[in-house]
1. Here's a check for you: in segment 291-306, which residue that is of a type in the set (A, V, I, L, M, F, W, C) and touching a residue at least 40 places away in the same chain (Cβ under 8 Å) is nearest to GLU353 (Cα to Cα)?
2. Return a yes/no flag: does segment 224-247 have any residue that is modelled with pLDDT of 95 or more, within 29 Å of ASN150 (Cα to Cα) and β-branched (Val, Ile, Thr).
3. Restricting to segment 117-157, and then to whatever is among the polar types (S, T, N, Q) and assigned to a helix (DSSP H, G or I), can you tell me which residue is farthest from GLU105 (Cα to Cα)?
4. If a residue must be surrounded by fewer than 20 Cβ atoms within 10 Å (Cβ to Cβ) and under 24 Å from the mean Cα position of the chain (by Cα), how many such residues does segment 112-125 contain?
5. Quick one: is TYR151 hydroxyl-bearing (Ser, Thr, Tyr) and either surrounded by fewer than 23 Cβ atoms within 10 Å (Cβ to Cβ) or touching a Gly at 6+ places or on another chain (Cβ under 7 Å) (or both)?
Amino acid sequence: MQFFVRGTHILQHAKACGRAPQPITDGLTAAWHEPCHAACWLSSTSRNISTKRYTAHDDFAQPKQIPTHVLRRTEGWGAHSRAGEKFNMIVNTTEHLVLEPTEEEKWLASQLKVAGNKKNGQWQKVVATYSGFSPLVLTAAMQAALKQGNYEEGYEIYRRVRHMTLPTYTISMKLLGKLGQHDEIERLWGQLMKMDIVGQPEASGRIDAAADNGDIQAAVRVLHYLQEKRLEADKLHFSSAINACANAKDADRAQSAQRLFDEMLAVGLKPDIATYTNLLRALANEPRQRLLNLLTDVKNQNLTWNGVFAETFLFIFLQSPQKGVWTKVDVIASHLRKLSLADVQTAKEFVDELKRSNVKLNKSCRLIDEAIQSVLQEARKVMGQSP
């Protein structure tokens with residue numbers, strides 16, 4: 001059996017492999033004969049890399065290149081084991097070596113993880129000092145770029161990764177989703193499907209990419225795929241799929257979101273405040289009573305309010321202009337005067353409840369609260385002057 005792959009230097013195989021496969025080189029293409037049940041895959045185009053054992057012990061996701069059914073057969077994994085958690089990498093040099101990040105690379109990856117949580121651009125400085133090819137380091141850099149919203153920089157790292165190894169799919173698809181790289185997302189997803197190595201993390205990455213692009217059909221297809229493969233879809237999968245509805249321009253996006261929400265409940269998953277926030281956004285063009293029904297549902301679930309949900313509800317319920325954000329009290333008040341006093345009063349009651357619940361209101365909510373009080377005070381004065 002042969003697997004044809006681009007490049008000539010590094011391949012992966014399962015631990016059950018008793019001996020290294022023999023290469024038949026042909027220019028830029030190498031054919032690797034499979035000596036055992038484990039499939040072999042090329043993973044790099046460079047010889048200038050560390051040559052030690054590469055283990056998947058770090059909390060960063062690792063490349064997953066061996067078909068699930070092969071690993072389960074050779075390693076005796078359970079039906080729900082994640083693909084790609086166990087593998088070796090063999091280097092085609094004068095002797096067979098096993099790739100692992102050096103201690104310096106492990107340290108650098110840990111520094112990137114820390115820098116990725118700080119909004120000071122420090123992660124770029126950290127990765128700028130590195131010229132190697134460790135998937136551990138470059139995956140950490142991609143993750144930092146994703147967290148910091150530096151999607152273009154993350155994409156450049158992805159371009160570097162994909163030429164030396166099958167990329168870390170979950171993070172890669174999330175990055176590509178932020179940049180609207182539809183064709184590349186489908187290419188990666190196609191690779192996963194072909195190799196039968198889709199797990200919950202990979203599905204999450206694909207649904208997140210669909211959510212960023214408002215692709216309801218893609219999100220639903222992934223959920224159905226998980227069901228077909230008997231892989232349990234969790235709360236985050238459904239919440240992200242509902243977010244795809246919220247970002248979609250489809251006329252029936254509210255109905256699609258509601259169907260997903262109902263399906264989520266049907267399989268026994270309990271929505272959290274983030275799920276309700278996504279559902280609320282999907283219902284943005286629905287009648288106000290439906291929004292109030294959702295608010296009542298959140299209360300009945302005894303969920304804790306947060307500032308994101310509060311801002312989302314106020315902007316949607318009070319019909320904030322589609323373009324721009326309310327930044328001045330007088331501008332907001334001018335808009336609120338066009339609404340019924342009953343709706344403004346309802347919004348006030350919601351804000352008062354947030355305050356009683358000690359929810360920290362962000363700047364937008366505070367401005368809206370001030371505008372509401374101003375409009376209601378004006379209304380009371382007018383009513384007092386009336387006969």
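The values are calculated or read from the model by the stated rules, or taken from the named source; none is laboratory data. Predicted, not measured: the structure shown is a model, and the values here were computed from it. For neighbour counting, all protein chains shown are included, and Cβ atoms are generated from backbone atoms with ideal geometry for every residue, glycine included.
1. So, considering only residues that are of a type in the set (A, V, I, L, M, F, W, C) and touching a residue at least 40 places away in the same chain (Cβ under 8 Å), the one nearest to GLU353 (Cα to Cα) is TRP305.
2. Yes: segment 224-247 contains one or more residues that are modelled with pLDDT of 95 or more, within 29 Å of ASN150 (Cα to Cα) and β-branched (Val, Ile, Thr).
3. GLN148
4. Here the count works out to 9.
5. It is true that TYR151 is hydroxyl-bearing (Ser, Thr, Tyr) and either surrounded by fewer than 23 Cβ atoms within 10 Å (Cβ to Cβ) or touching a Gly at 6+ places or on another chain (Cβ under 7 Å) (or both).
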